[in-house]
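Just below is one structure, and these are the notes that go with it.
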Amino acid sequence: MYRSNTCGELRLANVGTEVTLSGWVQRVRVLGGLTFIDLRDRYGLTQLVFNIETDAALCERANKLGREFVIQVKGKVAERTSKNAQMPTGDIEIYVKELTVLSQSEVPPFIIENDTDGNEELRLKYRYLDIRRPVLRDRLLKRAAIIKAVREYLDGKNFVEIETPNLIKSTPEGARDFLVPSRLVHGSFYALPQSPQILKQLLMVAGMDRYYQIVKCFRDEDFRGDRQPEFTQVDCEMSFVHQEDIFETFGGLMQHVFKKTLNYELGELPRLRYDDAIKYYGSDKPDLRFDCKIVDLNEVLPQSEFALFNNAVANGGLVAGLNAKGCAGYSRKQLDELVEFVKASHRGLGGLVNIKFNEDGTVKSSVDKFFTEEQLRAIGKAFDAQNGDMLLIAADKTGKVRKALGDLRLELAKRNNWIDESKWSVLWVVDFPLFEKDEESGEVTFAHHPFCSPHPEDMQYFDTDPTRVRAQTYDMVMNGNEILSGSIRIHQHDIQERVFKNLGFSPEEQEKRFGFMLNAFKYGAPPHGGCAFGLDRIVMLMTGGETIRDTMAFPKTSGGRDLMMDAPTPVDTKQLVELGILVKE
Ligand code: ASP
């Protein structure tokens, strides 16, 4: 028997019992004739004590143990004289009588405690050591608990877990495919699934009715932001459902997961229309843990000679702003920083107008030349501005203004600590557009993927004004992060063909890429819909991680490298020859 108990388990009630523990040596401290060792395993830490007076030889051996040696000890549980309230096992220690070294360790490359001296690159290289640190260990445990709660809920609702293959044909999620060359058919390639989208729809045609899978998806995207080339989805699909059924089922799933893993009552998820999300928050994934909505001013602007506002309105653009509550005292420097923030190239505003409603009741603005105090107060009314508030106003093309103000809203929240971190904001965003028009090329593309069902009442605009057609598409948003998307699917063969046509797929191309799917739909496709949760992001948010790397056992760097295994790397010429591949230098 290697152990009778774990290192996180023993308490005062166990005092006097003989135990056997196995684990890793975290620290050895020699204090006079006593040697203390913190012994670590997945479950926690237990203090071991060796006494030179009771057994000098044993104590000598303990003094020689190095960090991260794996040892087994036998001894008696005793009450500590100086207890440690920070440690769950802090009331007891083990008087060791026998010590066996199970495995030695080289000096580890960084300190294996929450406060470590290892930088991320080093820790990724030695990920198996990093996972011994409680923060990372606990995230992986929480991830498993979340997955367990997901399975529990879905199993209880008649969902069937079905695996789908990884070597498939391209799936249209809008990213680049990872390709796997075929050895048997030179010049042909499998694609790794960007998602099991088509396969799960075919499972509905197959009559499986309620499917889920905790599944790896692969997207060869540029490493913008917090992405990993492979990530995990909780992928779901249901037959004979409307959007309402989806909201109930998967809103319920989230409530269950929160209750089970955080003991938090999430309550019913509110819903926000996509158009309103953009209008009020400048984002399709708004963080609603604080208010601060965008206020449109085109209709309420007083007459003035101020060209910036007048031109924006005349050109069909937008004048809108935010009320930075309590920020009237912002210094020149703080204001300049906000102006630089909205001028950044990806936001592209020319600047910001500010109106300060000072604590002493005076009004001061960057446009005093153009507006009377009375006019400024009238603008303030639209924002319900109080003494101490500052308005920040932008004027430009509508999309640009909303996007920049949406970002500015988040920036203000960060600078002013407006977000109560103990709160959760989880909501549905609904009624996304079916198509998107590329601002540059004018090309029409799908907003989610090409299988989303249009709103029946919007079919009248399908040919004449396609971007006006709403889709039965929805996202779930958690604390300003998209954590799910999905849709009611098209199950009618003719509508699917019309969507493909609008997207510019020729009949030949449709046949080549999706022929098998269109064909399946000729054999009785049930009405169906579903969604996929981004598991990594959910775990990140629920465990306070900073990136999705923090939630995965063996992630890749932001540049897509596996530093531990050292991948990707070139392969043998022999392997390439077998695959019929010639690599260009
Ligand atoms: N396959 C979709 C995605 O990965 C989710 C869905 O529509 O179910 O975003």
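Here are some notes:
- Matching residues, the stretch 460-471, being modelled with pLDDT of 90 or more and either more than 11 Å from the ligand (Cβ to nearest atom) or of a type in the set (Ser, Thr, Tyr) (or both): Gln460, Tyr461, Arg468, Val469, Arg470
- Checked against the criterion of being among the β-branched types (Val, Ile, Thr) and in contact with a helix residue (DSSP H, G or I) (Cβ under 6 Å, 6 or more places away or on another chain), the candidates Ile581, Ile548 yield just one match: Ile548.
- The set of residues from the stretch 145-161 being within 18 Å of Gly207 (Cα to Cα) and surrounded by 17 or more Cβ atoms within 10 Å (Cβ to Cβ) comprises Leu154, Phe159.
- When residues of the stretch 437-453 are limited to those that are within 15 Å of the ligand (Cβ to nearest atom) and part of a strand (DSSP E or B), the one surrounded by the fewest Cβ atoms within 10 Å (Cβ to Cβ): Thr445
- For first residues located in the stretch 142-158 and in a helix (DSSP H, G or I), partners that are among the hydroxyl-bearing types (Ser, Thr, Tyr) and lie 6+ apart or on another chain with Cβ distances below 6 Å form the pairs Lys142/Thr543; Arg143/Thr551; Ala145/Thr261; Ile146/Thr261; Ala149/Thr261; Leu154/Tyr212.
- Residue under evaluation Thr362, criteria (1) touching a residue at least 40 places away in the same chain (Cβ under 8 Å); (2) surrounded by fewer than 21 Cβ atoms within 10 Å (Cβ to Cβ), criterion not met: (1)
- Neighbours by Cβ (under 6 Å, 6+ apart or cross-chain): first from the stretch 444-473, under 21 Å from Gly530 (Cβ atoms); second aromatic (Phe, Trp, Tyr): Ala447/Phe432; Val469/Tyr461; Val469/Phe462; Ala471/Phe432; Thr473/Phe432
- All positions within the stretch 14-40 that are of a type in the set (A, V, I, L, M) and crowded, with 20+ Cβ neighbours inside 10 Å: Leu21, Val25, Ile37, Leu39
- Hey, Gly529 buried (at least 23 other Cβ atoms within 10 Å of the Cβ) and within 16 Å of the ligand (Cβ to nearest atom) or not: yes
- Qualifying residue in the stretch 51-59 (condition: under 19 Å from Ser103 (Cα atoms) and in contact (Cβ under 8 Å) with a residue 40 or more places away in the chain): yes
- Taking helices (runs of 4 or more DSSP H) as the structural unit, those lying wholly within the stretch 179-298 and holding at least 2 residues that are within 16 Å of the ligand (Cβ to nearest atom) correspond to 197-205, 243-262.
- Residue ranges of helices (runs of 4 or more DSSP H) in the stretch 493-581 with at least 1 members within 30 Å of Asn481 (Cβ to Cβ): 493-502, 535-543
- Pairs where the first residue, in the stretch 507-530, is under 28 Å from Glu244 (Cβ atoms) and among the hydroxyl-bearing types (Ser, Thr, Tyr) and the second is modelled with pLDDT of 95 or more and within 16 Å of the ligand (Cβ to nearest atom), C-beta under 7 Å, 6+ apart: Tyr523/Val205
- Whichever residue in the stretch 153-176 is over 24 Å from the mean Cα position of the chain (by Cα) and more than 16 Å from the ligand (Cβ to nearest atom) and, among such residues, is farthest from Leu253 (Cα to Cα): Leu167
The values are calculated or read from the model by the stated rules, or taken from the named source; none is laboratory data. Here the structure is a predicted model, which is why all the values come from computation and not from measurement. For neighbour counting, all protein chains shown are included, and Cβ atoms are generated from backbone atoms with ideal geometry for every residue, glycine included.
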